Amino acid sequence: MKAKMFSGTTGKIFMLLCAMYFIEYVDRVNLSVAAPLIKAEFGLSNTKLGFALAAFGYCYASFQVIGGYLGDRFGPRKTLAIQGVLWAAGTLLTGFAGGLTSLILARLLVGTGEGGTIPVATRAMSNWVPRERRGFAQGFTHSASRAAAAITPPLVVLMIPFFGWRGAFIVLGLLSLVWVVAWYAYFRDDPKQHRGVTAEELAALPTYADFARDAAGERKAVPWIALMIRVLPVTVVFFAHAWGLWMYLSWLPTFFVEHFHISLTHSALYTSGVFVAAVVGNTAGGSLTDWLYIKTGNLNSSRRNVVILGFGGSIVFMSFVLFVQNQTLVSLSLAAALFFLELSAGPVFALPIDVAPAYAGVATGFISTAAGLAAVISPITFGYIIDTTGSYTLPFLASIGILLVGIVFSFWMRPDKVLEVPTPASAPEEKFA
C-alpha cells in the first residue's frame, strides 16, 4: 500500500518534522546572515568571527550520539520537546549577547539543543515512514532545512530595520517555542496510540516495536562497537558532505559582501538564490535513491550511486569558483555545486534506518557527529585561510579535496547488511543479516 506523505495523520506528523527542520535551520544560519553587523559592532577579526560561527558546532557534535540514544530510549516525543526548548533559549539569548564570549555561550546552547535532533527525527521516521519512502522522507525534510537557509537571509535582513539584529533573534526564538508546543501536543511515539491515525495508515507503516526493551520488558544493550563499525564509512561520507555545506551556511553571506564588495541586502539575495538549489537537490536525491531501489532492488547501488553523482557534480561546479570572477556566474556555479552536493543527503540519512532500524537514533547520531565536527572545523578553516592568504576562493579547493575522499569511502557503505537486534540467546555475539 502506498504511503501518504502529505495527508492524514501521517502527513501531519511528517509536516511537523519538516517544520522542525525548517525552524531549527533558521536558528542555525541566522548568525551568518547578521555576521557582518555583529563583526563590526563587536570589532571581530575573521578568525574570531569564525570561532563564533563555529561555537554552535562544538555542542552540536558532542550531543549527536547522546541525543540519538535518548531518542531511542525515551522516545522522540519527549526528547525533541526538551531539545526544542534548549535551542529556542539559545536563540533568544543570542539577541542579548554583549560581546564575543556571551555570543559564543548562546550559540553553544543552540548547538546543545539542536544536537541530536536529526537522529531523534530519524528515529521518529523509523516508525512513521515505510522503507520504500525513507529516501524521499529524508530528502524532503532536509529540503525544508535548506528552504530555511534560502529564506533566512532575506528574512533576517527585512527584520533588522524593524527589530535590529538582536530583535530578530528574539522573534525567531519565540517561533521555536511555538513549534515545541505543537509537537508535544500532537505527536505520539507509537502510531497506534495516536487517536487520529486510521487503519489504512497503520497498514502502510512498519510494525511498531519498542526497540529499547525486549519482549520481557528488560532494557536492551546497544551494540556500540558493531554499530560504530557498520556506520563508519557513512560517517566519513557525511563529513565530506557537511564540510561543504557548512562552508555555505557559515560564510556565504560574508563571502559575497567582502569578496565582491556588495551590500548586505544584495548578499542576502545571492545567498538565498544559492540555497534554493539545495531545496530542489535534497528532494531530488531522496526521490532518485527510492526510484533506483524500487526499479533495481539493489539497495547498495541505489544509495551509493546517488552519493557519487552528487559529490562528483559538486566538485565540477565548485571548481568554477576558482577561476570565474563575475558574481552572477559565481552564484550560479555555487548553486549548481550545492544542488549536486545535496543530492546525497537523502540516501545518506536513509542508510542508518537501512543498517540498524532498531538503533536508528544512535546510528544517525554517529553520522550527525560528523556534521558537528565539520560545523566546528569548516568555518574556522575558512576564516583562517582568508586571514592568512587574503583569498576567499582557496577554501573551496579544500572542499573539493574532501569531497573526493567522500567518493572513495562511499564504496564501503553496505545498507543491505542489517545489524540484527540481539536476543538473550544471541546477545554475547553480534550477528549480521
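For Ala209, the conditions (1) small (Gly, Ala, Ser); (2) modelled with pLDDT under 85; (3) in a helix (DSSP H, G or I) are fulfilled apart from (3). Has region 36-56 got any residue that is at pLDDT below 90, closer than 28 Å to His259 by Cα, surrounded by fewer than 24 Cβ atoms within 10 Å (Cβ to Cβ) and among the basic types (Lys, Arg)? Yes, there is a match, as at least one residue in region 36-56 is at pLDDT below 90, closer than 28 Å to His259 by Cα, surrounded by fewer than 24 Cβ atoms within 10 Å (Cβ to Cβ) and among the basic types (Lys, Arg). Residue under question is Gly68, and the condition is that it be open to solvent by less than 50 Å² (accessible area, probe 1.4 Å) and either more than 15 Å from Ser250 (Cα to Cα) or not in a helix (DSSP H, G or I) (or both); does it hold? In short, yes.
Whether any residue in region 361-368 is of a type outside the set (Ser, Thr, Tyr), at pLDDT 90 or above and farther than 14 Å from Ala242 by Cα is what I want to check. For region 361-368, residues of a type outside the set (Ser, Thr, Tyr), at pLDDT 90 or above and farther than 14 Å from Ala242 by Cα: absent. Return yes when Ile308 is of a type outside the set (D, E, K, R), in contact (Cβ under 8 Å) with a residue 60 or more places away in the chain, in a helix (DSSP H, G or I) and open to solvent by 50 Å² or more (accessible area, probe 1.4 Å) and no when it is not. No. With respect to the stated conditions, Ala216 is over 19 Å from the mean Cα position of the chain (by Cα) and either modelled with pLDDT under 90 or in a helix (DSSP H, G or I) (or both). In region 121-133, is there at least one residue being over 26 Å from Val355 (Cα atoms) and hydrophobic (A, V, I, L, M, F, W, C)? No: zero hits. Does Ala242 satisfy being open to solvent by less than 30 Å² (accessible area, probe 1.4 Å) and at pLDDT below 75? So Ala242 does not fit the description; no. Every condition in (1) open to solvent by less than 20 Å² (accessible area, probe 1.4 Å); (2) more than 20 Å from the chain's Cα centre (by Cα) is met by Thr289 except one, and the failing one is (2). Scanning region 82-103 for residues that are open to solvent by less than 10 Å² (accessible area, probe 1.4 Å) and of a type in the set (A, V, I, L, M, F, W, C) yields Trp87, Ala88, Ala97, Leu103. Residues satisfying the criterion are present in region 152-169 (criterion: assigned to a helix (DSSP H, G or I), modelled with pLDDT of 90 or more, open to solvent by less than 10 Å² (accessible area, probe 1.4 Å) and within 30 Å of Ile38 (Cα to Cα)).
In region 335-374, the residue that is surrounded by the most Cβ atoms within 10 Å (Cβ to Cβ) out of those that are over 23 Å from Leu205 (Cα atoms) and of a type in the set (S, T, N, Q) is Ser344.
Being over 30 Å from Thr265 (Cβ atoms), of a type outside the set (S, T, N, Q) and either modelled with pLDDT under 85 or open to solvent by less than 10 Å² (accessible area, probe 1.4 Å) (or both) is a property that Ala106 lacks. The set of residues in region 109-124 that are closer than 18 Å to Ala54 by Cβ, open to solvent by less than 40 Å² (accessible area, probe 1.4 Å) and not small (Gly, Ala, Ser) comprises Val110, Thr112, Glu114. Candidates Ser314, Ser301, Ser319: the one that is in a helix (DSSP H, G or I) and either touching a strand residue (DSSP E or B) at 6+ places or on another chain (Cβ under 8 Å) or buried (at least 24 other Cβ atoms within 10 Å of the Cβ) (or both) is Ser314.
The values are calculated or read from the model by the stated rules, or taken from the named source; none is laboratory data. What you see is a predicted model, and the numbers here were worked out from it, not measured in a lab. So basically every Cβ, Gly included, is an ideal-geometry build from the backbone, and we count neighbours across all protein chains shown. Please note that ligands, DNA and RNA were not included when accessible areas were found on the heavy atoms of the full protein model with its side chains. Shrake-Rupley method; radii C 1.70, N 1.55, O 1.52, S 1.80 Å.
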